[in-house]
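Worksheet for the structure shown next.
Read-outs throughout are calculated quantities, based only on the coordinates presented, and are distinct from any laboratory measurement. Note that the structure is a prediction, hence the values are computed from the model and not measured. Here Cβ is always computed from backbone atoms with ideal geometry, including for glycine, and neighbour counts include all displayed protein chains.
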């Protein structure tokens with residue numbers, strides 16, 4: 001059974017989806033259990049994806065990228081997470097910082113920072129979250145003070161994507177008074193003096209992806225590394241997250257599909273009381289409920305993708321899609337583990353890996369409770 005059909009995917013993104021599916025089948029799925037067990041960053045797989053033109057390509061064609069739309073991104077991400085959440089996230093995050101530069105940088109900044117990422121020579125990241133929390137973008141305490149033609153950055157970031165392996169990251173820091181107008185974004189090469197990073201270990205899921213705790217102690221970057229005008233960082237990052245949350249909806253879709261397919265296979269192959277488990281009415285009903293959740297989440301995600309690409313109430317639709325798809329993934333994965341019985345409690349099983357992975361997307365890029373606040377605050381009919 002293959003739940004990620006091409007039917008809701010726009011025609012222009014179907015070739016990208018097919019290429020991602022082929023890559024995932026060959027390189028990601030066979031290595032899923034190994035990297036989940038070791039927790040190592042899958043550098044070799046990342047490099048293979050870069051060479052195949054599937055990682056680091058969410059960059060405009062003018063700067064060497066594939067010129068993907070958000071629909072391409074969603075099509076690729078749901079395939080990768082269907083194969084494995086941890087490796088899938090590692091592949092997606094290659095150009096995480098590069099997408100911020102694409103959206104907020106000047107032509108000169110794009111020419112400087114994007115081509116090497118598109119060529120597969122560099123990995124990027126984003127540092128926004130801090131130890132005190134991640135959802136309150138107007139409450140971060142890392143500072144960047146201007147001294148002549150440089151900014152000096154001090155602070156600590158947490159759950160920083162690719163904080164150790166990245167060549168450069170985008171740092172979100174306070175440049176004025178706390179509040180929406182008091183933050184800016186900076187490109188920070190990770191070999192800059194004062195930049196220190198250590199990987200976060202002991203994670204419940206998404207183990208193959210890398211997140212880090214970083215300290216910035218007197219890190220100096222030139223003024224030209226600031227993205228956009230000083231004080232625009234909050235608004236720039238909020239706009240960026242509208243795109244990112246559609247991708248996170250894709251995380252949920254891929255994981256939900258994997259959980260439901262695994263549950264279906266297991267209950268049809270296993271017998272209980274001398275008959276297939278799937279013959280039990282309760283089991284059949286739970287499978288149907290999961291299918292209902294999955295199809296509703298996928299339809300909403302692709303509808304939201306269209307709205308965000310068109311600039312139609314993007315905050316509303318992105319929050320709605322992210323919240324619904326990631327919640328559906330958690331529910332379906334929990335059912336899959338339950339239907340596996342004792343086997344679902346073993347970390348080595350696919351159902352268990354997926355279940356652990358689903359606990360993350362509902363938290364990152366804005367916890368789901370925050371997404372509902374955002375959706376309510378940007379309710380389209382309310383604003384008109």
Next item on the list: Considering Cα pairs under 8 angstrom that are at least six residues apart, work out the relative contact order of segment 205-344 and quote it in whole percent.
Entry: 34
Notebook entry, point to check: Nearest 10 degrees, 0 to 90: what angle lies between the long axis of helix 233-269 and the longest principal axis of the chain (Cα atoms)?
Noted result: 20
Checklist line | Protection proxy ranking of 291-297, 120-126, 70-76 - average other beta-carbon atoms within 10 Å, highest first | finding: 70-76, 120-126, 291-297
Notebook entry, point to check: What order, most packed first, do the peptides 191-201, 30-40 have when packing is the mean number of other Cβ atoms within 10 Å of each residue?
Noted result: 30-40, 191-201
Check: Normalised by the residues of the chain, what does the relative contact order come to in percent, with Cα pairs under 8 Å and at least six apart?
Finding: 16
Next item on the list: Could you grab the relative contact order for segment 24-120? Cα pairs under 8 Å, six or more apart, rounded to a whole percent.
Entry: 35
Margin query: For 378, 82, 324, which order do you get if you count the other beta carbons within 10 Å of each Cβ and list the fewest first?
Written below: 378, 324, 82
Notebook entry, point to check: Using alpha carbons only, how many degrees (0 to 90, rounded to 10) separate the axis of helix 368-377 from the longest principal axis of the chain?
Noted result: 70
Next item on the list: Can you tell me the 0 to 90 degree angle between the C-alpha axis of helix 14-23 and the longest principal axis of the chain, rounded to 10?
Entry: 80
